[in-house]
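This report refers to the structure that appears directly beneath it.
The values are calculated or read from the model by the stated rules, or taken from the named source; none is laboratory data. The structure displayed is predicted, hence computed values, not measured ones. Here the Cβ is made from the backbone with ideal geometry for all residues, glycine too, and neighbour counts use every protein chain on show.
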Amino acid sequence: MVNCDHCGKDEYMPFRCRYCGGYFCSEHRLPEMHNCTGDYQFSRSTSGSSQFTPTGYSYTPTRRATRYGLFGQNEFRDLGIGLGVILLVMLSSYWMMFFSDPVFMLGVVLVYGMAFILHELAHKFSAQMLGYWAEFRINQQGLMMTLLSLISPLKIIAPGAVMIGNIASWSHYGKVAVAGPATNIALGILFFAMKLLAGNQYWFSIATVGMQINASLALFNLIPMGVFDGAKIIKWNRYVWGATVLAAGILYLF
C-alpha cells in the first residue's frame, strides 16, 4: 500500500504523476487535482462567489509544441497510443468475429475509434474555445491498467485524458466536461437516423453498434464520482448532468 501524496489515502495501485513524480490516489491522479509542482505551475487565484479555488496547472507550450497550432508536441502520438490500446481491448473480446465477418468488424473498429477520438477532441476544443491550453496526454498507470485488462474479464478503458491549463471556474470545468458525453450522444443520434434509413443489414448492424458504443461511453463518463466527467458536471449544474444522463439512457435503451 502507498499513501497518496496529496490526501494521505492508502492506495493499492497508486498513480504516479509524470510531471512531479509523486504518487496519488485515483481522485488526485491528474496534475490539476494535486497542486502539481512539476512542469505545470499551480495557480492560487479564486473566482469570487463561485468559491472555486483552481487546483489547476498552467501549461506553457515549448517552441516545438507551438509549431502544431492547436495540438501539442506529442499529442498526436498520445492520441494514437490511446486509440490503439482501446481498440486492442475491444478486439480482445471479439477477435473471433474477424474470421467470421471481417467487413463488419472493420466497420465496428472505425465506429469505436471515432467514438473515442471525437470524445477527447470535444473536451480539448471546448477548453480551447474558453481560452485554455488543452491537450490529450497518456497516463502511464491508466495505460498499464488498460493493457492488463486485455487478459481480464473486467475491461478498463483509461489510457489518458485531456489536460487543461489553469482552469478558472466550475462553470468552465462543467462545460468542458459535458462536451465529451454530449458529442457521443450526438453521434448516437446520427447512428439512430442511419439505422432508420439503412438499406441493408450491414449498415443496420453498424448503426446499431454505433448507438450502443456511444450511449455506453456517454453513460460511463457521466458517473458522478472520482475523475469521471459526471463528477465535474454535477458540481457545475446538476440539471445539465441529469438531462445528459437521461438523453444517454434513452439512446442506450433504443
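Being under 26 Å from GLU27 (Cβ atoms) and surrounded by fewer than 16 Cβ atoms within 10 Å (Cβ to Cβ) is a property that does not hold for SER216.
Do we have any residue at all in segment 144-153 that's touching a Gly at 6+ places or on another chain (Cβ under 8 Å) and small (Gly, Ala, Ser)? Looking for residues that are touching a Gly at 6+ places or on another chain (Cβ under 8 Å) and small (Gly, Ala, Ser), one finds none in segment 144-153, hence no.
The set of residues from segment 119-142 being surrounded by 18 or more Cβ atoms within 10 Å (Cβ to Cβ) and touching a helix residue (DSSP H, G or I) at 6+ places or on another chain (Cβ under 6 Å) comprises HIS119, ALA122, HIS123, SER126, ALA127, ALA134, GLU135, PHE136, ARG137, ILE138. Pairing each residue of segment 205-218 that is in the same structural domain as LYS195 (by TED's automatic domain parsing) with any residue that is charged (D, E, K, R) and in a helix (DSSP H, G or I), provided the two are 6+ apart or on different chains, yields C-beta distances under 8 Å for ALA207/LYS195; THR208/LYS195; MET211/LYS195. Just to be sure before I move on: is GLY210 buried (at least 22 other Cβ atoms within 10 Å of the Cβ), small (Gly, Ala, Ser) and under 17 Å from GLY107 (Cβ atoms) in the structure I sent? Judged against the criteria, GLY210 is a match.
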